[in-house]
1. Considering every residue in A:49-59, what mean count of other chain Cβ atoms within 10 Å of its Cβ is obtained?
2. For peptide B:115-125, compute the average count of partner chain beta-carbon atoms within 10 Å of each residue's beta-carbon.
3. Within the set of other residues whose C-beta is less than 12 Å from the C-beta of residue B:225, count the net charge using Lys and Arg as +1 and Asp and Glu as -1.
4. Please state the equivalent ellipsoid semi-axes for the stretch A:116-165: what are the square roots of 5 times the Cα gyration tensor eigenvalues, largest first, in whole Å?
5. Quick check on packing: order A:81-91, B:241-251 by the mean number of other C-beta atoms within 10 Å, highest mean leading.
6. Sorted by packing (mean other beta-carbon atoms within 10 Å per residue), highest first, where do B:130-143, A:59-72 land?
7. Give me the net charge of residue A:155's neighbourhood, meaning all other residues with Cβ under 12 Å from the Cβ of residue A:155; Lys, Arg count +1, Asp, Glu -1.
8. Per-residue Cβ counts within 10 Å, from other chains only, averaged over A:116-128: what number is that?
Amino acid sequence: MTGVLSPVALVRGVALVLAALATSVGAALLSPVLPDLAVLVVVATALLSGPRTGVAVGLAAGWLLDLVPPGAVHLGTGALLYAGAGLLAGRGRREGPAPLAWLLLVLAASAAVPLAGPLLEGLLGGSALDWGGLALRWALTVALGVVVVPVLVAGQRALARRGLA
Amino acid sequence: MPRSRPVLLVVALLASAVLVLLDLAGSPATAALRTGGATVLGPLERLVGSARGAAPARGSAAAAGPQDLTQGAAAERAAVEQRQLTALLGAPALAGARVLPARVVGVGAPGPGGPQRVTLDVGSRDGASADLTVVSAAGLVGRVVAVAPWTCDVLLLGSPSLTVAVRAGTAGTLGFVSGSRTSAARRLSLTPVEGGALRHGDPVTTLGSPGGRPFQPGIPVGTVSAVDAQPGRLTPAVTVLPAADPTTLDVVGILLSAPRTAPRSPAVAGTP
């Protein structure tokens, strides 16, 4: 890792911006319930680089989602939640080959962290919860992550091998 | 990305936590941050959101080439938007109002009961400003809460942060509508200010705010879908089915003036 604007960092940044835009615009174009693309980038990075980088990328992803219009209802909540997802995924990092079931468990747990925001808001505020919508979003994220996260990890590894990290 | 220093990470996390608290307290600093983000990222979102095309009809897909499909999708999309705009401008509740048409180009992260905020492709350059009423052809959508030059953000009806004063039923019972607390998601709770004879199917409309901000009067909010007269409570628990479905919003309008614009003539008391 050589500097702030290393190619890997640029790729991660572009991926996060695209994920944030796709999340907001996609919900308007397709359906309000879509997989969480940003958390997949965070999980892939954290699985490769550990909890510290996971938290940093999670913070960046959360702030992007908080600021891309219309943004979060409470600014900063996305940053904290995605940092939590990055921390969890980073803690799940294993040196060498990890069992698929373990990676799936880490992905499923990390993908659930951003949903803690609306869950807590609903439970503490006494609002009705759209359990079906939240569960579907989590399931779609995990299902997509099974395909996308290994690709993102392999892509970042390939860049690192070429000395571009 | 460099290996992040623990101290910097802790500072960033603490700063985020402080910003959450500032935002909850309604600090202008966080509003400026939102406006900055919308000014930079809004045009990009507006561009991507406007470049959409409707799915072509099944029968025409096999025979048409890729260019025909794109043009056909764009034409179909334009026709759908035209129909929605015609329905919006023809809505009886909006007769006489100045309406700024807009399109939903972004939807925010889900809240407890679904989406809470959406982005429209109009901003301060188009005449949008904070605290204006947003409607669809079906009824009330929400209120404008943040404005950038190219886009504006709308807090949707049903969000826990939004409460609307309403009239309900033929007797015009006064009350407040907010996000549902007791029933299923995508329903609203109506709290009458005093006991009233509300029944299933009664219409619920906005009471209106001073100066028409944030809500103009007489805009359909929904219809009463359940009335639960609970023992020991002064008022019944009333559930409202919203007139506008926040999950299918597309073409909406920002009300720049009240629906009724003709001056009201004074009357002399004591004369029938």
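Taken together, the values in this text are just the output of simple stated rules run on the coordinates, not laboratory data. Computed from a prediction, not measured in an experiment: that's the story for all the values here. Cβ sites come from the backbone with ideal geometry, for glycine too, and all protein chains shown count toward neighbours.
1. Numbers: counts 3, 2, 2, 5, 5, 1, 6, 8, 2, 1, 6.
Rounded to a whole number, the mean comes out at 4.
2. On the way: counts 7, 5, 6, 6, 7, 2, 1, 0, 1, 0, 0.
Across the residues of B:115-125, the mean count of other-chain Cβ atoms within 10 Å is 3.
3. +1
4. Details: eigenvalues 270, 36, 3 Å².
For the stretch A:116-165, the ellipsoid semi-axes come out as 37, 13, 4 Å.
5. Working: A:81-91: 25.5, B:241-251: 19.0.
Peptide ranking by packing, descending: A:81-91, B:241-251.
6. Values: B:130-143: 23.2, A:59-72: 27.4.
Ranking, from highest mean packing down: A:59-72, B:130-143.
7. Working: positive: A:12, A:157, A:161, A:162; negative: none.
Once all neighbours under 12 Å are counted, the net charge is +4.
8. Details: counts 0, 4, 7, 1, 1, 6, 7, 1, 2, 6, 6, 13, 16.
What the average comes to for A:116-128 is 5.
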